[in-house]
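Engineer: Below: one structure in structure tokens.
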Amino acid sequence: MLKSDPLSVVITGANRGIGLAMAEVFARRGDRVFAICRSSSEALNTLQNECDVTVVDGIDVATAEGITALQQALDNVVVDLLVNNAGILRDESLQNFNPEQIEQQFRVNALAPLSICQALQGNLRSGSKIALITSRMGSIADNGSGGRYGYRMSKAALNAAAMSLSKDLYHQGIAVGIYHPGYVQTDMVEGRGDISAQVAAQRLVGLMDDLSLLDSGVFRHSNGEVLPW
């Protein structure tokens with residue numbers, strides 16, 4: 001499949017932030033985008049009106065019902081690129097401990113992407129790609145500040161799942177990319193960050209374009225740097 005060929009791209013968490021920015025990059029270059037979200041946004045609706053974008057809202061990827069609804073919405077759709085982007089960030093410490101909040105992050109950040117990959121196996125083919133938007137906060141070697149227990153643990157779990165996916169899907173010809181977008185100015189971090197969602201999206205799309213079985217399972221920063229586990 002040539003990079004110039006139009007792709008069929010599925011993106012979760014596509015109503016805002018990095019997900020929306022990636023949807024716009026893909027859509028405006030001529031790819032067909034399925035934008036998955038719990039509720040749409042004005043910006044995503046505008047993009048749908050201007051490009052080949054199908055908004056699939058009402059999908060809570062943290063629930064079995066949401067995964068089933070997503071599977072039904074994409075019935076008979078061949079997916080060239082599946083981008084698991086949806087995620088949440090909460091804050092816990094030893095002094096402010098919240099097990100329920102930690103479990104919620106595991107469901108959204110780790111279990112949901114794996115469940116989506118499992119549910120959409122029939123939509124993938126040899127040459128398809130899976131991208132998982134994770135975080136360097138899931139790196140054990142890179143943890144220099146502690147805290148953020150639920151987010152760090154859930155992203156480390158996602159990284160482990162992504163590596164297993166890269167092994168399990170290799171002989172089916174499906175490559176898996178594991179990407180830290182950078183410190184991005186989104187609502188998740190209340191606008192803090194050192195790059196915009198648009199810059200992160202351009203970088204990530206470039207990495208996904210270049211992804212092959214040769215570098216399947218590699219954990220990368222959006223700037224191309226290989227990150228430690």
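Engineer: Taking just the C-alpha trace of the range 2-105, give me its Rg and Dmax in Å.
Structural biologist: 15.5, 52
Engineer: What's the magnitude of the charge dipole for the range 148-229 around its Cα centre, counting Lys and Arg as +1 and Asp and Glu as -1 at the beta-carbon? Answer in Debye, nearest 20. Present the calculation step by step, with values, prior to reporting the outcome.
Structural biologist: On the way: 7 positive and 8 negative charges, 59 e Å.
Approximately 280 debye in magnitude.
Engineer: Another one. Need one number: nm distance between label points at ARG107 and ILE140, each 7 Å from Cα along Cα→Cβ, rounded to one decimal.
Structural biologist: 2.7 nm
Engineer: Can you sort TYR149, TYR179 from fewest to most other Cβ atoms within 10 Å of each residue's own Cβ?
Structural biologist: Neighbour counts put them in this order, fewest first: TYR149, TYR179.
Engineer: Next question, about the same structure. Grab the Cα-Cα distance for LYS167 and GLU225, subtract it from 0.36 nm times how many residues apart they are, and report the gain in nm with one decimal.
Structural biologist: 18.7 nm
Engineer: Sorting THR68, THR12, THR134 on the 10 Å Cβ count, fewest up front, what's the list?
Structural biologist: By the 10 Å Cβ count, ascending, the order reads THR68, THR12, THR134.
Engineer: What full-extension length gain, to one decimal in nm, is calculated for ASN96 and ASP210 as 0.36 nm per residue of separation minus the Cα-Cα distance? Please list the in-between numbers first.
Structural biologist: On the way: separation 114, 0.36 × 114 = 41.04 nm, distance 4.21 nm.
The ASN96-ASP210 span can extend by a further 36.8 nm.
Engineer: Order of ILE140, ILE174, ILE36, ILE11 from fewest to most other C-beta atoms within 10 Å? Intermediate values should be presented prior to the final figure.
Structural biologist: Details: ILE140 10, ILE174 22, ILE36 31, ILE11 28.
Arranged by neighbour count, lowest to highest, ILE140, ILE174, ILE36, ILE11 become ILE140, ILE174, ILE11, ILE36.
Engineer: Still on this structure: Around ASN84, with a cut-off of 14 angstrom between Cβ atoms, what is the net charge of the other residues, counting Lys and Arg +1 and Asp and Glu -1?
Structural biologist: Net charge around ASN84: +3.
Engineer: Considering only DSSP beta bridges with both partners in the chain, what is the antiparallel share in %, to the nearest 5?
Structural biologist: So the antiparallel bridges in the chain amount to around 5 percent.
Engineer: Across 5 Å bins from the origin, how do the percents of Cα pairs in the chain run, short distances first?
Structural biologist: Bin by bin from 0 Å, the calculated values are 1, 7, 15, 20, 23, 18, 10, 5, 1, 0, 0.
Engineer: In the neighborhood of ARG148, defined by Cβ-to-Cβ distances under 13 Å, what is the net charge if each Lys or Arg adds +1 and each Asp or Glu adds -1?
Structural biologist: +1
Quick note: the coordinates plus some simple rules give every number you see, no bench work behind them. Computed from a predicted structure; not experimentally measured. Positions of Cβ are generated from backbone atoms using ideal geometry, with glycine treated the same way; all protein chains shown enter the neighbour counts.
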